[in-house]
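Let me begin by presenting the structure, written as structure tokens, before commenting on it.
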Amino acid sequence: MPRIFGTDGVRGRANVDLTAELALELSVAAAHVLGETGQFEGHRPVALVARDPRASGEFLEAAVVAGLASAGVDVIRVGVVPTPAAAFLVNHLDADLGVMLSASHNPMPDNGIKFFARGGVKLDDDLEDLIEARLGAAWTRPTGADVGRVVDRPDAVEDYIAHLVGSLNEDQSLSGLTVVLDCANGAAYHTAPSAFTASGAHVITLHADPNGLNINENSGSTHMGDLQRAVVEHGAHLGFAFDGDADRCLAVDAQGQLIDGDQILAILALAMKQAGQLHVNTVVATVMSNLGFLQAMAAHDIRVDQTKVGDRYVLESMNANGFVLGGEQSGHVIMSEFATTGDGVLTALHVAAEVVASGSSLAELGAVMTRLPQVMINVPGVNKARAGFDPGVTSAVTAASRELGDHGRVLLRPSGTEPLVRVMVEAESTARAQSVAERLAAVVKDRLTL
């Protein structure tokens, strides 16, 4: 049976893969495992529960709260907030456990459950495995005064907004800056406009009216068209688009051109280096980061520590080595001084502040790196476990890498959730990248088809 925890919690189609029963059982199992591993330190435990605006989050939230309270855990229910807000509030409210209900950038019918330990950090793989193993196990139910109590704290999100605004220096006002924010009809619908307005910016909002059904629908960081048009039409200085739970953001410059996660990371890395804040001049990125990003960092004497794909692996490297900045091409950026996870609104605020502080446009700042054309081909129905060992595949990859030389690269990555292999090629032109990728995909299909 496949592991139900993926790289970012448990995710699937709500009421099919992720049911109320599973949500309740996961919550009970998490309460027991964390208690038995000393996470509650002998006191009555407290959990924080949050969600994004999806309609399914309403019944899943009820199931999670019921599971926790039935296991003797007191619950603070904070309502609809971004995932990074939930992480912050776990620590801010001194909770022992956090549960976030969100499927991030996925379409509305999906949902997910993410757990946070004390301090607002994601659970490691070992704890997730223990929780999964505990599902459905017999347990002694508390009664009377030992059952958990539930309180609502929708006002707690204001503390998170104050934290965001306070992350900027006193001289980092965004006054005079016009910013368009695409909130994806998601969890950032209130926090993002509030934080930018409080920081002095003139804010124009898009897709900030969630109704439970329209999250990520033709909006947000996976659909940038509306934001690109709005920035140009309003003559704004720049714009930001968030995903459904606002743990990532992408940007648009005044001309409506996309500024992706690699460029955002490069802008922040240079700014932090110049301010003497970039620990050992190192930034953490994944193996999917564009070669142009790696070249730009090398040109500015900044080392890049590369990890597997997934912000949890970026964070693991940051925590293990004391690095303060890391992120992904998708727009997950972690600034460890202020957050324990990717935070789209925090990232956007600091990029906007750098525009003001530098006196440069976002386009000028983003030009620090030149993105090489990147082509990705998914090859389904293959034995992904053999991708790194099959001699025919490895020989083809070696030959393609030698052919591209310093002007491109090749990456084969087995999917973490599907029986497919992703073939990624970067080259000096799209045509060259497409040609090499198609050739490699054909080899993968021929050698690894099930």
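The values are calculated or read from the model by the stated rules, or taken from the named source; none is laboratory data. Owing to the predicted nature of the structure, the values given are computational and were not obtained by experimental measurement. Heads up, the Cβs are rebuilt from the backbone with ideal geometry, glycines too, and the neighbour counts pull from every protein chain shown. Side chains included, ligands, DNA and RNA excluded: accessible areas come from the protein's heavy atoms. Shrake-Rupley method; radii C 1.70, N 1.55, O 1.52, S 1.80 Å.
Values as computed for the structure displayed
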| read-out | value |
| --- | --- |
| Candidate set from the stretch 379-418 (those that are in a loop (DSSP other than H, G, I, E, B) and more than 25 Å from residue 329 (Cα to Cα)); member that is least open to solvent (accessible area, probe 1.4 Å) | 390 |
| Scan of the stretch 44-60 for residues that are out of contact with any Asp or Glu (no Cβ under 8 Å at 6 or more places or on another chain) and open to solvent by 10 Å² or more (accessible area, probe 1.4 Å), ordered by number | 53, 55, 56, 58, 59 |
| Residue check for residue 80: open to solvent by less than 10 Å² (accessible area, probe 1.4 Å), modelled with pLDDT of 95 or more and either at negative phi or of a type in the set (S, T, N, Q) (or both) | no |
| Single condition residue 268 does not satisfy, out of (1) within 17 Å of residue 354 (Cα to Cα); (2) without any contact (Cβ under 8 Å) to a residue 40 or more places away in the chain; (3) in a helix (DSSP H, G or I); (4) not polar (S, T, N, Q) | (2) |
| Residues being of a type outside the set (Asp, Glu) and either in a strand (DSSP E or B) or open to solvent by 30 Å² or more (accessible area, probe 1.4 Å) (or both) - total across the stretch 29-43 | 7 |
| Check on residue 21, open to solvent by 10 Å² or more (accessible area, probe 1.4 Å), under 19 Å from residue 149 (Cα atoms) and over 23 Å from the mean Cα position of the chain (by Cα) | no |
| Enumerated strands (runs of 3 or more DSSP E) restricted to the stretch 286-378, each holding at least 3 residues that are surrounded by fewer than 21 Cβ atoms within 10 Å (Cβ to Cβ) | 303-307 |
| So residue 381, is it under 30 Å from residue 124 (Cβ atoms) and in contact with a strand residue (DSSP E or B) (Cβ under 8 Å, 6 or more places away or on another chain) | no |
| Odd one out for residue 122, checked against (1) in contact with a Ser or Thr (Cβ under 8 Å, 6 or more places away or on another chain); (2) at pLDDT 95 or above | (2) |
| Residue match in the stretch 360-369 (condition: over 30 Å from residue 92 (Cα atoms) and in contact with a Phe, Trp or Tyr (Cβ under 8 Å, 6 or more places away or on another chain)) | yes |
| Hits in the stretch 154-172 (condition: part of a loop (DSSP other than H, G, I, E, B) and either among the aliphatic types (A, V, I, L, M) or open to solvent by 70 Å² or more (accessible area, probe 1.4 Å) (or both)) | 168, 169, 170, 171 |
| Options 348, 339, 353; residue that is under 16 Å from residue 195 (Cβ atoms) and touching a Cys at 6+ places or on another chain (Cβ under 9 Å) | 348 |
| Test: residue in the stretch 361-377 that is within 30 Å of residue 183 (Cα to Cα) and basic (Lys, Arg) | yes |
| The listed residue being of a type in the set (A, V, I, L, M, F, W, C) and either open to solvent by 10 Å² or more (accessible area, probe 1.4 Å) or out of contact with any Lys or Arg (no Cβ under 8 Å at 6 or more places or on another chain) (or both), out of 264, 215 | 264 |
| Residue check, residue 236 open to solvent by less than 10 Å² (accessible area, probe 1.4 Å), touching a residue at least 24 places away in the same chain (Cβ under 8 Å) and among the aliphatic types (A, V, I, L, M) | yes |
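Residues checked against (1) touching a Leu at 6+ places or on another chain (Cβ under 9 Å); (2) open to solvent by 10 Å² or more (accessible area, probe 1.4 Å); (3) of a type in the set (A, V, I, L, M, F, W, C):
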residue: 241; (1), (2), (3): yes, no, yes
residue: 246; (1), (2), (3): no, no, yes
residue: 250; (1), (2), (3): yes, yes, yes
residue: 259; (1), (2), (3): yes, no, yes
residue: 276; (1), (2), (3): no, yes, no
